[in-house]
2 protein chains.
Amino acid sequence: MSTSTPSALSFTETLSLLSLALASFGIIANTFRGDGEPLIASLAFSGIAYAASYAMIRWLGPTFMKAGLKGKDMSKVHKKEIPETMGAVCAVVYLLIIIVFIPFPFYKDIVAATSGGGNRDVVIELEHVQTGRFLHRFPHSKLASYLSAILSLQSVSILGIGDDLFDIRWRHKFFIPGIASIPILIVYFVDFGVTHIVIPIPLRPYLGGLFDLGFLYYVYMAAVAIFCPNSINILAGINGIEVSQSLVIAFLLILNDCFYLLAPYPHPATDSHLFSLYMLLPFIGVSLALWAHNWYPSRVFVGDTYCYFAGMVFAVVGILGHFSKTLLLLFIPQIFNFIYSAPQLFRLIPCPRHRLPRFNARTGLMEPSVTEWQYPPKPIVALFLKMLHHLHLLRLATNHEGQITESTNFTILNLWLVWFGPMREDRLAIELLVMQTLCGLFGLFVRHNFALWIFESDNWTVR
Amino acid sequence: MSTSTPSALSFTETLSLLSLALASFGIIANTFRGDGEPLIASLAFSGIAYAASYAMIRWLGPTFMKAGLKGKDMSKVHKKEIPETMGAVCAVVYLLIIIVFIPFPFYKDIVAATSGGGNRDVVIELEHVQTGRFLHRFPHSKLASYLSAILSLQSVSILGIGDDLFDIRWRHKFFIPGIASIPILIVYFVDFGVTHIVIPIPLRPYLGGLFDLGFLYYVYMAAVAIFCPNSINILAGINGIEVSQSLVIAFLLILNDCFYLLAPYPHPATDSHLFSLYMLLPFIGVSLALWAHNWYPSRVFVGDTYCYFAGMVFAVVGILGHFSKTLLLLFIPQIFNFIYSAPQLFRLIPCPRHRLPRFNARTGLMEPSVTEWQYPPKPIVALFLKMLHHLHLLRLATNHEGQITESTNFTILNLWLVWFGPMREDRLAIELLVMQTLCGLFGLFVRHNFALWIFESDNWTVR
């Protein structure tokens, strides 16, 4: 097996990763001497995250396979077994990095608040310092929310690993991210507890400027936390699509963050977007390392752990940063895929174990996979299917009596193949990613140009 | 396999667990109506923790075995396979309970600090409230340290599960708790950063009343965090010993906590010991459930996950509660076992893969296991071994030339069998637990009666 999945790094790889790691360590050491700029440190930590994940994914391959964490790539001529659940490695590296990073956003506060010489005697003055001279700094009071974010990410990792190990049933695993979101909800309740939302201008005459959602606000946060990981988990099945879509979303979120950081300070949302960057930069680090191994043709699989983990990073950033509506604008293809999948997910229509596109070994191309109807569907279902077929949202095959014999599976991947014909696996992934990027850019454009029409000011969040 | 490890609960078990869970839920609901007494809620949560762990350990047995998490009980006539790593179930239940518990210690603060009606508008006054009327309450400012404790416990669970899955080498896994202790060290650095220790009276003329350990204080905390889990992990090998010793330590810690809670308030250490109780009560809940399945004859194994997890609970409680020296007094047998094991652990003397006592299938009793010397040991080693033999700390076998041919393995379990002869597995466990309890009670007695001779006042901690 060691010949089919080499677990050693090449000389060039070793050299590059080592250089990257050393450069990153150098930058971090330098931030201690300067003014301890956390954003620079975060970038450097992301470099270390990339190097560490890249090396560990390679080294741990045989170990994972020995422990039974392996899978067959169905969409290849030679269906060899490769390591599975490699997202767990990314998650562990990410969590360690993000924990070690904790002191950096607070470094200046500590130094400024002591009388020097390592004394911590005037720590009580922290708050004055923070609201006084160092307004640019990430506020110390947000430590609890940062910790709760890590707790939720750890929870989703533990539960995700459990899912990959035990293959939990779909109707149970759907709620895994919900359980993992409990830490952020609880700490939100204890530490902030703001459940007001800003009412769009057209509705103000009826509801007033602010509306207290109360308990429903927590339901909303939990729903976002359940949606993001699951929506990534069901837009899956071809090499590299899980990591790539997560990277696209992460880069678009960072683009959005940059709008706020480049705006004249102090903008009320700057802290939220600094927090977002601190969480997303190391995520991009570990994800790129995984991407390098998971892109077509895959040498490792990511596992459900990665999908949950990635989705939870976005959910945490959106919830704690109070921009979950903007977040959802970047999930347009996932939202479409989720709604489009619903008839199969909720078993209104038969759902096979796997719905990934079918690999045609003769042409080497991916084709839409189908569900075969052994008995013709009920009239109402048949009507619904035929309607979708006419709207070009499905492809049906009928027998000579006009009865439906098979229908393509309800995923955006199959629909794309229905629209644009059979294509190679990586081509399909690239086209979807381009579509995801364009949708996201459009979403951000709308949000930053037209939000003022329905809200009073851009991002006047209640925090 | 389902016949050998039945995974269903009996009717009596179902009824008892359900009653316990319902009663606990009732109590928790009641604390909302009263003054939200967190200690009562913690007790009730522990009841739920017990019921949930008990049921899940039973239900998940076949699932764990299917995923390859199983082991053979070597000390039985019929060496059947039973589920392994069941400590992971306890850890997950514990973590969920301890996260859901977060609002309870802060409940009163929130209610008192708002203007009612769900408003959180005067949250800024929290600190006045906390130091004013509600001195008995667990202070809100400790939220970060509570969260960091959970982070460390989650980290050790993830790494422990990794260890159980991949069978990490001993010299690597030794540092797992060290990595998992990073969250508490980091948050300690960011949030408190007090690294002074109180100097014992006899040393004051030389060192002064307080001494700043600085960086070394973090090394000390990491050492405690590395020692506790590993010392439990190496005092293992017979049915029930890992869970039982953890339960003994937990009960002794609770006894110690009670001394402070029953003392006239305000005692400066009361908060630390409330924190300790909040962490330990649910731990006892999940551990008792595991104990019921793991005691002789075992129906499940606990796995390294449990040992790391249990040790980390104690380390976290001791470190964040600033009573790590008292904690170590309860680890006397573990400390002895660790020092006694050192020659084998550090390979000064050959160390077989397993050092657990040997099961004699003819008598059904446990006997000391031995390391066979194929070549006679070096003169210096032989001298050392013979010295230990004369001190009754080892049993040697020699050939007719007086050369050492075998020596008993260096664990307290084997030594106990050398001293008191072969005995049945459960008898051995019970005798060791009685010894552990007596040592711990003696330790607490010394600590509370003689500490005043070397320190100014009982538990005048720097916090």
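The values are calculated or read from the model by the stated rules, or taken from the named source; none is laboratory data. None of the values given here were measured: they were computed from a predicted structure. All Cβ positions, even for glycine, are placed from backbone atoms using ideal geometry, and neighbour counts span all protein chains on display.
For region B:1-45, which positions are of a type outside the set (A, V, I, L, M, F, W, C), under 30 Å from B:Lys80 (Cβ atoms) and modelled with pLDDT under 90? Of everything in region B:1-45, those that are of a type outside the set (A, V, I, L, M, F, W, C), under 30 Å from B:Lys80 (Cβ atoms) and modelled with pLDDT under 90 turn out to be B:Ser2, B:Thr3, B:Ser4, B:Thr5, B:Pro6, B:Ser7. In a residue-by-residue description of region A:301-319, the property of being over 18 Å from A:Gly87 (Cβ atoms) and of a type outside the set (A, V, I, L, M) applies to at least one position. Please go through region B:141-169 and give me each residue that is of a type in the set (A, V, I, L, M, F, W, C), farther than 17 Å from B:Leu95 by Cα and more than 8 Å from every other protein chain (Cβ to nearest Cβ), ordered by number. Listed by number, the list holds a single entry, B:Ile168. If you take the residues of region B:42-75 that are of a type in the set (Lys, Arg) and buried (at least 17 other Cβ atoms within 10 Å of the Cβ), which of them is nearest to the other protein chains (Cβ to nearest Cβ)? Among them, the one singled out is B:Lys70. When the residues of region A:301-326 are filtered to those that are out of contact with any Phe, Trp or Tyr (no Cβ under 8 Å at 6 or more places or on another chain) and not in a helix (DSSP H, G or I), which remaining residue is nearest to A:Val92 (Cα to Cα)? Step by step, filter region A:301-326, then rank; the result is A:Val302. If you go through region A:185-192 one residue at a time, do you hit one that is within 9 Å of chain B (Cβ to nearest Cβ), touching a residue at least 12 places away in the same chain (Cβ under 8 Å) and not in a helix (DSSP H, G or I)? Looking through region A:185-192, at least one residue is within 9 Å of chain B (Cβ to nearest Cβ), touching a residue at least 12 places away in the same chain (Cβ under 8 Å) and not in a helix (DSSP H, G or I).
Free of Cβ contacts under 8 Å to residues at least 60 places away in the same chain, crowded, with 20+ Cβ neighbours inside 10 Å and either within 12 Å of another protein chain (Cβ to nearest Cβ) or among the β-branched types (Val, Ile, Thr) (or both): does that describe A:Leu96? Spelling it out, A:Leu96 is indeed free of Cβ contacts under 8 Å to residues at least 60 places away in the same chain, crowded, with 20+ Cβ neighbours inside 10 Å and either within 12 Å of another protein chain (Cβ to nearest Cβ) or among the β-branched types (Val, Ile, Thr) (or both).
For region A:199-219, filtered to residues that are assigned to a helix (DSSP H, G or I) and touching a residue at least 24 places away in the same chain (Cβ under 8 Å), the residue that is nearest to the other protein chains (Cβ to nearest Cβ) is A:Tyr218.
For region B:328-339, the count of residues that are in a helix (DSSP H, G or I), without any contact (Cβ under 8 Å) to a residue 60 or more places away in the chain, out of contact with any Leu (no Cβ under 9 Å at 6 or more places or on another chain) and within 24 Å of B:Asn230 (Cβ to Cβ) is nonzero. Quick check: anything in region B:1-12 aliphatic (A, V, I, L, M), buried (at least 18 other Cβ atoms within 10 Å of the Cβ) and out of contact with any Leu (no Cβ under 7 Å at 6 or more places or on another chain)? No, every residue in region B:1-12 fails to be aliphatic (A, V, I, L, M), buried (at least 18 other Cβ atoms within 10 Å of the Cβ) and out of contact with any Leu (no Cβ under 7 Å at 6 or more places or on another chain). Here B:Asp109 passes the criteria (1) modelled with pLDDT under 90; (2) among the charged types (D, E, K, R); (3) more than 20 Å from A:Val187 (Cβ to Cβ) except the one numbered (3).
Here is a check on your reading of the model: is B:Glu401 surrounded by fewer than 17 Cβ atoms within 10 Å (Cβ to Cβ) and acidic (Asp, Glu)? When the stated conditions are applied, B:Glu401 passes them. Exactly one residue among B:His196, B:His172 is free of Cβ contacts under 8 Å to residues at least 60 places away in the same chain and more than 8 Å from chain A (Cβ to nearest Cβ), and that residue is B:His172. Scanning region A:358-380 for residues that are under 23 Å from A:Asn337 (Cα atoms), over 34 Å from the mean Cα position of the chain (by Cα) and outside any loop (DSSP other than H, G, I, E, B) returns a single hit, A:Ile380.
Being surrounded by fewer than 23 Cβ atoms within 10 Å (Cβ to Cβ) and within 30 Å of A:Ile98 (Cβ to Cβ) is a condition met by at least one residue of region B:253-271. Selection over region A:175-184 of residues that are assigned to a helix (DSSP H, G or I), surrounded by fewer than 24 Cβ atoms within 10 Å (Cβ to Cβ) and more than 8 Å from every other protein chain (Cβ to nearest Cβ) gives a count of 1. Scanning region B:381-398 for residues that are assigned to a loop (DSSP other than H, G, I, E, B) and surrounded by 10 or more Cβ atoms within 10 Å (Cβ to Cβ) yields B:His392, B:Leu393, B:Leu394, B:Arg395. Taking the conditions (1) at pLDDT 95 or above; (2) assigned to a helix (DSSP H, G or I) in turn, B:Leu274 satisfies each one other than (1). Only one residue in A:Asn239, A:Asn230 is outside any helix (DSSP H, G or I) and buried (at least 18 other Cβ atoms within 10 Å of the Cβ), so which one is that? None of the other options fit; the residue is A:Asn239. Each residue in region B:431-441 was checked for being surrounded by fewer than 17 Cβ atoms within 10 Å (Cβ to Cβ) and either hydrophobic (A, V, I, L, M, F, W, C) or more than 14 Å from B:Gln245 (Cβ to Cβ) (or both), and 4 pass.
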